[in-house]
Amino acid sequence: MAFDNLFSEIVFWALAVVTIGSAALVVHLRSIFRAALMLVVSFLGIAGIFAMVNAEFLAVVQVLVYGGGIAVLVIFAVMMTRDVDTGNRSTAVQPVALVMGVALLAALAYSIVQAEWALLPDSLPAPIATVFVETPTQLGRLLLSDYVLAFEVAGVLLLAAVIGALSLVRERRDA
Amino acid sequence: MTLQLLHFQILSAAIFCIGLYGVLARRSAVLVLMSIELMLNAVNLQLVAFGAYSGFGTSTGQVIAVFVITIAAAEVGLALAIVMRLFRSRGGVNLDEIDVMRG
Amino acid sequence: MGITARDLFLIAPELALTVGATVVVLSGLVSRQRQLTLVLALLGLAVTFAFAIALWDNVHANGAQSAFNDSLIVDKFALYIKFLVAGTAALVLIASSEYAERFRPYGSEFTGLVLFSAAGLMLLAAAADLITIYVSLELATLPVVALAAFVRTRIAPIEAGVKYLLLSAVSSAFLLYGFAFLYGASGTMQVVGGSSGAPTIAQALGEGSPDVPFGGLAIMAGAILATAGFGFKLSMVPFQMWTPDVYEGAPTPVGAFLATASKAAAFAVVLRLFYEALGGSSADWSTLFAALAAITMTIGNLVAIVQSNVKRLLGYSAIAHAGYLLIGVAAVTAHGQETQDAAGISSVLFYLAGYAAMTLAAFFAVIVLTQRSGDERIEAMAGMGKRAPLAALALAVALLGLTGIPPTVGFMGKLFLFNAAVNSGLVWLAVVGAVNSVVSAYYYVGIIRTMYLREPAGDASPVAAAFSGRLTLWITVAAILVLGFWPGGLLEVARTAASGLVS
């Protein structure tokens, strides 16, 4: 399944347009609530692209964690915000921000395009089918062998984050 | 024209920069948080695309992406805790009064 | 490929600290006595320290060792930072034991989170691949977000928490994007080589083999994005804007921890990344860091002059000092001879320790001076020379040290840094640093003058300090003066630590 057929191209461009369009709407819409919904659309678009590039496990995680968990948390936060409908105001530096964003994009695009492309394969290497099946296995093995330290540290991090969050939100039990 | 790594990378760069614009240009802290999530997603996209296109360590990029997603979830959880704190102490959040970029 | 006993020994300091943090948090369920919390935390830190010393001996005998499939490198450079982080955490916890009264009933959670963050910083100093760097950086950062917002009665801490959370998340995004470029360009995550012989970034780039799909430009972009990401943690201009707000809004002990331990570990990882992984590339990192150093210290010092809040002023002072430390980074990345590099690295390590002593003394003094009134304006320091002699003396010594006046450690530290710059051909940078030190004297000495020469406006009664507060003030002041008079011992240790990175 190299990406040389028309079908995968159509899928890619469709997903790209949806993702970029919804991302742009996230930062553009006046209503914070709608912006949050657009964020979910953008997450789902990226999940689709993950599925395209042999990361089907990550695609599922993306839908569950980002499209589900994180989006719900963000919408929770939106519900506690005043002026949901018109709250998406600009800072004083908005024009500067636009210039900076475009400039960074130009710089990144330049370095991406210029960086010795001759050495790169044009499209996906052929034996994708095997990769497709083995990726989750490989991922699990890597997590518990080569990157086991990071895996454990991430566990401690989650514990610390939970302790921090709980001690912030719980009411006083005694004075 | 076949799809190349280039396409995925440019897509990733575009999302990253949209996120950066949101971080700089939006007053509401919730919106800034959403923009940051966009930036992190762009990173993941780039990492996963590398894995698919290069011969080396097909899954290593995906491993980082897993960590990024995990840690992003922890970050958003903490953010919600702070928002609730603010909600209680003020009876309503106006996070937009917290001008993040004011130095 | 699993975890071996050797791995566990090499990570014992962090392990002990994590266990200590968990025990401290759990102890809060049984007893809410703050003495118990403090004793348990110090016990955990003592065990951590003991393990780190054992590791130092081990590394001394057997050389640097890698653990966890080369995720971690235990060398003297990392151990030096671990000592610094553990010592800082212990002092911060002792000094805040009185202050922590206002965190009730969550004093044990406060202490536990400080320990978790310290464990993250220790791991960061020893991280040998990009994933470990990222994950331990977040372990160090996220607890601080909660800590910054810990005081519930005022709104400023919550704002500080929001700000720190959002800006550290943005910086992580930059960092990760940079790491993605580095990974794509080199095909590996490995910063430091290890026993498995997996290729490191430096090797992958050095060989220029066809296995390396992307060229120098991608490395350049990746390094610059990563620098931007680290720039937030280092309070480097133009990513410094959160620093004064967070230092001012967060509880004072949290500011102290952030200014010292966090900064030390962040500088350690920047040195490791740019010296070991990217040192071989043709790009001129030295000029980049030299320019950043000059801009950072100049802006930090100039804006500090107009500040009226002590904690905010210390925030700008922290920015200025990030600039001085960057002088050392610029000198090291100039890549002269190995002895020069070692001298540059050791000057940064020495200054990190000295800076920690001075900044801790300043913050601890501010804790004592503002304990009763809560008034953090510089005005409110008037007459403190009489009202709180010890705290005022400590603040004065710390500020003189931060200015760089002999015989304090600040003078010696700056001397070594400027010397390293001159040896690397960055004479202009040393001159800029010296001029900046003179400028900084204006606002540092201004506070001292206010404390000793001006009469208090209203309340003139003495300000008492608790025993814990007095103890930490004495320790830090002694460190500033002793290291100023006899810098040789610490410098020797720093040299040994630096040689771990160079060889």
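The phi torsions of segment B:72-85, fed into the Karplus equation with coefficients 6.51, -1.76 and 1.60 and a -60° offset, translate into couplings of 4, 4, 4, 4, 5, x, 4, 4, 4, 4, 5, 4, 5, 4 Hz, rounded to whole numbers, with Gly and Pro shown as x.
Out of all DSSP beta bridges in the protein assembly as shown, what portion is antiparallel? Express it as a percent rounded to 5.
Details: 7 of 8 bridges.
Here the share of antiparallel DSSP bridges comes out near 90 percent.
Once the Cβ-Cβ distance of A:VAL113 and C:ALA54 is raised to the sixth power relative to R0 = 60 Å, the FRET efficiency obtained is 0.70.
Is the shape of the protein assembly as shown best called rounded, prolate or oblate, per the rule: a/c under 1.5 gives rounded, else a/b larger than b/c gives prolate, else oblate, with a ≥ b ≥ c the square roots of the Cα gyration tensor eigenvalues?
Working: a/c = 1.63, a/b = 1.34, b/c = 1.21.
Prolate shape, in that a/c is at least 1.5 and a/b is the bigger ratio.
Selection among B:GLN62, B:LEU47, C:ALA78 by position relative to the dipole of the protein assembly as shown gives C:ALA78 as farthest towards the positive end (Cβ unit charges, Cα centre).
Couplings 3J(HN,Hα) of segment A:35-41, computed from phi: 4, 5, 5, 5, 4, 4, 4 Hz, in residue order, whole Hz [Karplus 6.51 cos²θ - 1.76 cosθ + 1.60, θ = phi - 60°; x for Gly and Pro].
Mind listing the long-range amide H neighbours of C:GLU98? Cut-off is under 5 Å, sequence gap 5 or more, other chains count too, H placed in the peptide plane at 1.01 Å from N. Here the answer is none, since no amide H 5 or more places off falls under 5 Å of that of C:GLU98. Under a 5 Å amide H cut-off, with hydrogens placed 1.01 Å from N, C:VAL74 pairs with C:GLN65, C:SER66, C:ALA67 among residues at least 5 apart or on other chains. At full extension, A:VAL169 and A:VAL72 could sit 33.1 nm farther apart than now, given 0.36 nm per residue minus the alpha carbon distance. Loop-located chymotrypsin sites (Phe, Trp or Tyr not before Pro) across segment C:83-140 with a Cβ neighbour count of 10 or fewer within 10 Å are lacking, with loop assigned by DSSP. Averaged over the residues of peptide A:26-36, the number of Cβ atoms from other protein chains lying within 10 Å of each residue's Cβ is 4.
When you look at the Cβ of every residue in A:100-111, what mean number of other chain Cβ atoms sits within 10 Å?
Details: counts 5, 11, 2, 1, 7, 9, 2, 4, 11, 6, 2, 14.
Per residue, the average neighbour count from other chains is 6.
Once backbone amide H atoms are built at 1.01 Å from N, C:ILE11 has no partners under 5 Å, excluding neighbours fewer than 5 places away on the same chain.
Considering only Cα-Cα distances, which of the following residue pairs are longer than 29 Å: C:LYS311/C:LYS414; C:LYS76/C:LYS311; C:LYS386/C:LYS414?
Values: C:LYS311/C:LYS414 23 Å; C:LYS76/C:LYS311 34 Å; C:LYS386/C:LYS414 31 Å.
C:LYS76/C:LYS311; C:LYS386/C:LYS414, as the Cα separations exceed 29 Å there.
Gyration tensor over the Cα atoms of chain C: the corresponding equivalent ellipsoid has semi-axes (square roots of 5 times the eigenvalues, largest first) of 35, 26, 20 Å. Treating r as the C-beta distance of C:ASP459 and C:VAL435 and R0 as 56 Å, the FRET efficiency rounds to 0.90.
No value in this document is a laboratory result; all are computed from the given coordinates. Since this is a predicted model, take the numbers as computed values, not measurements. Note that each Cβ is placed from the backbone with ideal geometry, even for glycine, and that neighbours are counted across all protein chains shown.
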